[in-house]
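The values are calculated or read from the model by the stated rules, or taken from the named source; none is laboratory data. This is a predicted model, so every value here is computed, not measured. Neighbour counts run over all protein chains shown; Cβ positions are idealised from the backbone, glycine included.
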Amino acid sequence: MKNKEKPNNSYHQPLERSLLLADVCEMYYLDGMSQAEIGRKIGLTSSMVSRLITEAHERKMVNIRIHRPLKSDFDLENALIEKFGLQSARVVTIRGYQFSLLKYLGEAGAQIFRQYIQPDKVIGVAWGTTLSAVVDAFDANETVPSKLVELTGALGSRSSEYEGHGIITRLASKLGAEAHLLNAPFLCSSEATAQALYEDQIISQPLKLASQASLALMGIGSLHPEMATFLKFGYLSKSLLKTLQADGAVGNVCGLYFDIDGNPACSDFCQKIITISRKKLLSIPDRIGVSGGPDKVEAILGAVRGGYVNILVTDNITAQSMLDHP
């Protein structure tokens with residue numbers, strides 16, 4: 001009689017390891033036990049427990065979120081509203097740019113957005129790193145049946161996390177809303193190509209819906225090479241960026257470039273992009289712009305002066321720089 005082979009349980013080992021990591025992290029983060037206490041409970045040294053916690057982080061099994069309270073600067077908010085004719089402003093106080101400005105803006109932007117969303121409305125959504133931070137920070141206490149529509153083409157981006165499809169589908173999932181995608185590139189090879197796409201029903205339908213929006217959630221882009229979202233994600237070349245700067249452009253909202261006074265400044269470039277028109281964007285009643293940082297001051301000035309944004313979310317250092325700007 002042949003000896004039976006022992007069953008191979010090696011496939012259980014990764015699962016057992018993962019369960020151990022989860023147990024250790026739950027005891028450490030949720031139960032408030034020290035590493036020494038955990039070690040005594042499961043028969044390991046404190047240093048071994050520490051290595052297990054580190055391994056869990058490396059495996060991305062631990063997700064820690066700090067609910068940082070936001071402090072507003074009401075004097076700066078009122079000053080911005082008075083000087084630039086804004087409908088509303090939210091100025092979050094930060095202690096310096098060494099802290100994560102993006103997270104501050106994301107939290108503040110999410111709070112303002114929550115105040116303006118209403119059921120059964122059309123909401124236009126742009127894309128970019130700041131908008132991604134807003135969506136990350138947004139927690140819906142209850143579903144808000146609505147229609148979310150992309151305002152700007154984004155196909156071909158180097159980052160699925162920050163481009164329009166990714167942002168709008170994540171937000172739609174949190175809101176329990178419909179996501180209407182603009183399946184088009186941002187920049188076309190020619191004006192003729194862009195015009196042909198505008199005439200295509202797949203492109204025209206979302207843009208038609210966008211013109212019915214009562215609320216828009218947008219970032220404000222800069223032309224500084226380190227901050228230019230369209231350059232970072234491969235839509236613009238450095239030479240094209242220089243051309244826009246030569247035209248006087250300082251920033252953009254939804255790819256619509258403008259000078260520091262808010263006047264359009266994109267020459268032939270704007271004839272090649274797929275985005276909501278300036279006229280339709282300015283007809284949306286509530287236009288939230290979330291942006292901040294020393295390299296964004298001129299861009300934000302152009303956005304508010306041109307009316308692209310009438311509800312501004314920014315930080316106290318940026319707000320003061322805007323007020324001090326000649």
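Annotation: of all residues in segment 293-305 being at pLDDT 95 or above and either touching a Phe, Trp or Tyr at 6+ places or on another chain (Cβ under 6 Å) or in a loop (DSSP other than H, G, I, E, B) (or both), the one that is surrounded by the fewest Cβ atoms within 10 Å (Cβ to Cβ) is 304.
With the requirement that a residue be under 23 Å from residue 298 (Cβ atoms), surrounded by 22 or more Cβ atoms within 10 Å (Cβ to Cβ) and touching a residue at least 40 places away in the same chain (Cβ under 8 Å), what does segment 258-275 give you?
Listed by number, the residues that qualify are 258, 273, 275.
Only one entry in 211, 222 is closer than 27 Å to residue 307 by Cα and buried (at least 19 other Cβ atoms within 10 Å of the Cβ), namely 222. Please specify each residue of segment 38-53 satisfying the condition of being polar (S, T, N, Q) and either surrounded by 11 or more Cβ atoms within 10 Å (Cβ to Cβ) or within 25 Å of the chain's Cα centre (by Cα) (or both). Selection gives 45, 46, 50. Taking the criterion of being surrounded by 24 or more Cβ atoms within 10 Å (Cβ to Cβ), more than 10 Å from the chain's Cα centre (by Cα) and at pLDDT 90 or above, would at least one residue in segment 130-145 satisfy it? No: segment 130-145 contains no residue that is surrounded by 24 or more Cβ atoms within 10 Å (Cβ to Cβ), more than 10 Å from the chain's Cα centre (by Cα) and at pLDDT 90 or above.
From the residues in segment 242-278 that are assigned to a loop (DSSP other than H, G, I, E, B) and among the β-branched types (Val, Ile, Thr), which one is nearest to residue 210 (Cα to Cα)?
Among them, the one singled out is 276.
Is there a residue being surrounded by fewer than 16 Cβ atoms within 10 Å (Cβ to Cβ), of a type in the set (Gly, Ala, Ser) and farther than 30 Å from residue 111 by Cβ anywhere in segment 54-68? No, there is no match, as no residue in segment 54-68 is surrounded by fewer than 16 Cβ atoms within 10 Å (Cβ to Cβ), of a type in the set (Gly, Ala, Ser) and farther than 30 Å from residue 111 by Cβ. Taking (1) over 21 Å from the mean Cα position of the chain (by Cα); (2) modelled with pLDDT under 95; (3) not polar (S, T, N, Q) in turn, residue 80 satisfies each apart from (2). Scanning segment 153-173 for residues that are modelled with pLDDT of 90 or more and within 14 Å of the chain's Cα centre (by Cα) gives 167, 168, 169, 170, 171, 172. Per the conditions (1) loosely packed, with under 12 Cβ neighbours inside 10 Å; (2) in the same structural domain as residue 134 (by TED's automatic domain parsing), the sole criterion not satisfied by residue 30 is (2). Scan segment 284-304 and give yes if some residue there is over 20 Å from residue 131 (Cα atoms) and assigned by TED's automatic domain parsing to the domain that holds residue 204, otherwise no. Within segment 284-304, not a single residue is over 20 Å from residue 131 (Cα atoms) and assigned by TED's automatic domain parsing to the domain that holds residue 204. Annotation: of all residues in segment 306-326 being in contact with a helix residue (DSSP H, G or I) (Cβ under 7 Å, 6 or more places away or on another chain) and assigned to a helix (DSSP H, G or I), the one that is surrounded by the fewest Cβ atoms within 10 Å (Cβ to Cβ) is 323. Here residue 79 clears all of (1) in contact (Cβ under 8 Å) with a residue 40 or more places away in the chain; (2) touching a strand residue (DSSP E or B) at 6+ places or on another chain (Cβ under 8 Å); (3) buried (at least 16 other Cβ atoms within 10 Å of the Cβ) except the condition numbered (2). There is no residue in segment 225-242 that is buried (at least 18 other Cβ atoms within 10 Å of the Cβ), in contact with a Leu (Cβ under 7 Å, 6 or more places away or on another chain) and at pLDDT 85 or above.
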